[in-house]
Amino acid sequence: MNSRLAEFFQLAVRQLFRRKFRVILTIAGIAIGVAALVGTVALGEGIRTQAVDAIRTQSDLTLIEALPGAQGNILQLVTPTRAAAAGALPGVKASAPVVRGTFATRGQTYVQVVGVPADGLEDVLHPTYLRGSGFLSGSNEVVLGAALGEKLQRYEGVRIGDPLILIRRSYDAQGRPFDEETTVIPVGVMEERGDAFDQVLLMDLDLAIGLGEGESGYSGLLIRAEGPDRVFSVAEGVRGIGLSPRGSFEQIEAVNRMMDMVVIFLGIFAGLSLLVGGLMIASTMITSVYERTREIGIAMAVGASEGDVMEMILAECAVLGFIGGMAGDLLGVLFATVLNALGGPFLASRFGDAFAGLLDTEIALVTWPLLTAGLLLAVGLSLLAGLYPAWKASRLNPVEAIRSGR
Amino acid sequence: MSIPLLETRALSRHYPGGVRALDEVDLRIGKGEFVAIVGRSGSGKSTFLNIVGGLDAPSGGSVSIHGRMLDYSDRRALIAFRRQMVGFVFQQFNLIPSLTASENVEYPLLFNYRPPAERQEKARQLLAMVGLGDRASHYPGQLSGGEQQRVAIARALVADSPLILADEPTGNLDSQTSEGIFSLLQRLNRERQVTLLVVTHERELASYADRTVEMRDGRVVA
């Protein structure tokens with residue numbers, strides 16, 4: 001900032017100091033608007049962060065399953081070429097093709113079977129075992145998801161190491177159904193994961209293909225992203241090669257979409273109060289220019305240009321906006337602090353255990369970018385509100401202004 | 001005769017309704033002259049001063065400073081002219097109430113992009129010269145009328161403008177203080193060689209000037 005502009009700001013502060021009460025009211029108007037905006041967005045961001053964190057902790061965020069997609073009306077299958085392309089995407093740590101099929105047990109339990117290479121099971125799914133271990137490549141060993149394992153043990157007495165007969169219903173050339181039986185050996189039960197793999201039976205990819213699955217290409221591709229921050233770019237990459245990505249990242253996308261709407265909607269109302277603050281500045285500055293007509297005329301008589309006059313008036317607006325923005329940020333932080341201190345326990349006491357988690361967390365999340373945005377918005381709006389009074393002041397006729405007696 | 005500092009030719013100012021505030025005024029003022037313009041209210045004195053000072057534009061005729069004609073259609077040129085060529089002293093003093101005496105004096109230099117240290121030093125010297133060295137940090141509201149006008153005179157001198165225009169500088173002052181102000185103006189004219197064009201309706205005070213010009217109904221009559 002050049003020194004002359006700095007002096008204009010000093011003059012602006014002194015001019016504002018002459019009209020303390022009116023200036024305080026104007027600053028309060030701006031501050032309330034900024035506080036409303038900061039508070040609203042902080043609340044929205046707090047809820048968003050809570051929801052995203054909950055999804056992250058309760059699900060396997062970096063796991064993506066790429067399914068056949070559609071480009072126009074054409075189905076894009078998961079071919080080996082696409083599988084290789086997806087595996088080579090930046091941010092992909094490991095990938096493995098899968099085939100899916102439906103079988104039944106002799107006890108009439110329907111079982112979703114997922115065929116995956118043995119190394120893919122370990123590299124991509126990162127399973128931990130409640131009992132037993134993973135299957136060997138080329139064997140008829142299988143791994144059960146936590147929920148399926150418990151179900152089969154409880155209702156059919158299936159145990160690790162005991163043969164399990166899977167029945168697949170097929171149809172002959174005349175359309176008559178017939179059943180094919182396959183014997184597999186459960187060698188492991190995975191710990192609960194909180195996703196669809198709790199319900200499935202995992203077997204070697206070649207075994208699943210041998211059972212007649214995957215005749216029209218792979219059912220999908222399991223992809224492990226390098227980290228949570230890479231998930232969304234990997235998902236975009238998968239879409240780019242014509243496949244359809246699925247995973248818990250979609251929940252985060254859905255939460256983000258919803259919270260964007262909520263924050264924008266609430267922000268509009270908060271913005272309206274900020275707009276009122278802006279109108280107050282315009283009103284204050286119009287009055288100020290009117291009251292100081294003679295001073296503006298004197299400034300012009302001693303050499304101030306129209307630009308100088310505009311700068312002087314706008315400097316006052318910027319000071320009003322800056323102080324209002326700072327005060328608004330402080331109020332916003334205060335609002336968030338009170339909400340975080342009292343809101344969580346209140347919700348927990350009203351709605352019980354469902355909100356117990358809020359006791360230790362922040363409902364409203366105030367960030368530096370948010371505070372900076374609040375401040376810049378206040379200053380920007382103040383400058384905008386001051387444009388007309390500043391322009392009007394700069395167009396004064398110096399002779400008439402000096403004669404005005406104001 | 002050498003080129004005058006200020007020369008007006010057929011300078012006119014007409015207002016809607018046929019009012020002729022100035023009617024073809026021809027006037028030449030040499031460098032270092034102290035000229036008083038006298039006349040009754042409405043004779044066109046202040047209008048003449050405002051046009052010569054670049055605050056108002058004429059309806060016809062021309063104003064030349066150092067032989068160069070002032071272009072009233074060029075706003076930038078007019079601003080530069082007001083910054084560098086003229087200093088104003090008004091009847092109402094017209095100081096900025098929120099600025100101290102010293103800050104009021106240095107105010108014009110703010111628009112001339114002069115550094116603060118230079119401005120402050122110049123204001124200090126000028127306030128000492130007009131006898132207000134010890135009142136530099138006082139606000140206009142804390143000064144008497146005569147003191148305020150002295151501050152205004154110091155302000156008019158601060159940009160080293162060759163021409164000082166004073167419009168009824170003693171109109172709001174008692175006779176003793178008025179004598180003091182004219183005496184100060186005379187001293188400044190002699191010591192600093194500034195050219196002074198002072199409007200007054202008091203003929204006794206006009207006697208401080210080297211030359212008196214009388215205006216009546218927008219014309220120079222003597």
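Work out from phi, with θ = phi - 60° and the Karplus expression 6.51 cos²θ - 1.76 cosθ + 1.60, the ³J(HN,Hα) of each residue of the range A:83-97, listed in order in whole Hz, and give x for Gly and Pro.
These are the phi-based 3J(HN,Hα) values: 4, 5, 5, 5, x, 8, 5, x, x, 8, 8, 7, 8, 8, x Hz.
Working with all protein chains in place, sort A:Ile55, A:Ile47 by solvent-accessible area computed with a 1.4 Å probe, largest first.
Solvent-accessible surface, decreasing: A:Ile47, A:Ile55.
Roughly how many Å² of A:Ile32 are accessible to a 1.4 Å probe, to the nearest 10?
In the full protein context, A:Ile32 sits at about 100 Å².
For the peptides A:158-165, A:274-281, what is the packing order when you average, over each peptide's residues, the other Cβ atoms within 10 Å and list the highest mean first?
The peptides rank, most packed first, as A:274-281, A:158-165.
Given points 7 Å out from each Cα along the Cα-Cβ axis, report the A:Thr109 to B:Ala128 separation in nanometres with one decimal.
10.4
Excluding ligands and nucleic acids, what accessible area in Å² is computed for B:Arg75 using a 1.4 Å probe, to the nearest 10?
130
Where both residues lie in the protein assembly as shown, what percent of DSSP beta bridges are antiparallel, nearest 5?
65
Tally Lys/Arg at +1 and Asp/Glu at -1 over every other residue whose Cβ is under 9 Å from the Cβ of A:Ile64; what's the total?
Details: positive: A:Arg224, A:Arg246; negative: A:Glu65.
With Lys, Arg at +1 and Asp, Glu at -1, the neighbours total +1.
For the ranges A:390-400, B:137-147, what's the packing order if you count other beta-carbon atoms within 10 Å of each residue, average per peptide, and put the highest first? If you can, show how the numbers build up before the last one.
Numbers: A:390-400: 18.5, B:137-147: 15.4.
Top to bottom by mean Cβ count within 10 Å: A:390-400, B:137-147.
Taking 2.2 N^0.38 Å as the expected size of a compact globular protein, what ratio does the Cα radius of gyration of the protein assembly as shown give against it, to two decimals?
This ratio for the protein assembly as shown stands at 1.70.
Across peptide A:291-302, what mean number of C-beta atoms from other chains lies inside 10 Å of a residue's C-beta?
6
Taking Cα pairs under 8 Å and at least six residues apart, what relative contact order does chain B come out at, in percent?
Working: 445 pairs, mean separation 68.6, N = 222.
Across chain B, relative contact order equals 31 percent.
Taking N as the number of residues in the range B:123-222, what value does Rg over Cα atoms divided by 2.2 N^0.38 Å take?
In units of the 2.2 N^0.38 Å rule of thumb, it is 1.11.
Given points 7 Å out from each Cα along the Cα-Cβ axis, report the B:Ser207 to B:Ser73 separation in nanometres with one decimal.
Result for the modelled spin labels: 4.8 nm.
Quick check: residue separation of A:Glu253 and A:Arg56 times 0.36 nm, minus the Cα distance between them. What number comes out in nm?
Extra length available between A:Glu253 and A:Arg56 comes to 69.7 nm.
Where the Cα atoms of chain B are projected onto their three principal axes, how long is each span, largest first, in whole Å?
Between the extreme Cα coordinates on each principal axis of chain B lie 48, 39, 38 Å.
On each of the three principal axes of the Cα atoms of the range A:105-149, give max minus min coordinate, whole Å, ordered largest first.
32, 23, 16
What is the packing order of peptides B:150-159, A:102-111, taking the mean over residues of other C-beta atoms within 10 Å and listing the highest first?
B:150-159, A:102-111
Rounded to the nearest 500, what is chain B's calculated 222 nm mean residue ellipticity when only DSSP H runs of at least 4 contribute -39500 (n - 2.57) each, over all residues?
-10500 deg cm²/dmol
Okay, helix-only estimate at 222 nm for chain A: each DSSP H run of n ≥ 4 adds -39500 (n - 2.57), divide by all residues, round to 500 deg cm²/dmol; what do you get?
Roughly -18000 deg cm²/dmol at 222 nm, from the helical runs in chain A.
FRET efficiency for A:Leu136 and A:Thr81, Cβ-Cβ distance as r, R0 = 25 Å, nearest 0.05? Write down the numbers at each step before the final one.
Numbers: r = 28 Å, r/R0 = 1.13.
After rounding, the FRET efficiency stands at 0.30.
Provide the solvent-accessible area of A:Leu334, counting protein heavy atoms only and rolling a 1.4 Å probe, rounded to the nearest 10 Å².
Using a 1.4 Å probe on the heavy atoms, I get roughly 110 Å².
Just counting partner chain Cβ atoms within 10 Å, what average do the residues of peptide A:10-17 show around their Cβ? Write out the running numbers ahead of the final one.
Details: counts 0, 6, 0, 0, 4, 3, 1, 1.
That average works out to 2.
Once you put a point 7 Å from the Cα of A:Phe17 and another 7 Å from the Cα of A:Thr337, both along the Cβ direction, what distance in nm separates them?
Those two pseudo-labels are separated by 2.8 nm.
Assuming R0 = 60 Å, can you tell me the calculated FRET efficiency for the pair B:Ser183 and A:Tyr388, based on Cβ-Cβ distance, to the nearest 0.05?
Plugging the Cβ-Cβ distance into 1/(1 + (r/R0)^6) gives 0.80.
Based on the Cβ-Cβ distance of B:Ala117 and A:Phe265, what FRET efficiency does E = 1/(1 + (r/R0)^6) give at R0 = 60 Å, to the nearest 0.05?
About 0.65, to the nearest 0.05.
Helix A:3-17 sits at what angle to the longest principal axis of chain A, using alpha carbons and giving 0 to 90 degrees rounded to 10?
The answer is roughly 80 degrees.
For a label point 7 Å from the Cα of A:Thr372 along Cα→C-beta, name the residues of the range A:250-270 whose backbone N is under 16 Å from it.
Residues passing the 16 Å test: none.
The values are calculated or read from the model by the stated rules, or taken from the named source; none is laboratory data. Computed from a predicted model, the values in this text were never measured in an experiment. Quick reminder, even Gly has a Cβ in these numbers, built from the backbone with ideal geometry, and neighbours come from all protein chains shown. Accessible surface areas use protein heavy atoms only, side chains included; no ligands, DNA or RNA. Shrake-Rupley method; radii C 1.70, N 1.55, O 1.52, S 1.80 Å.
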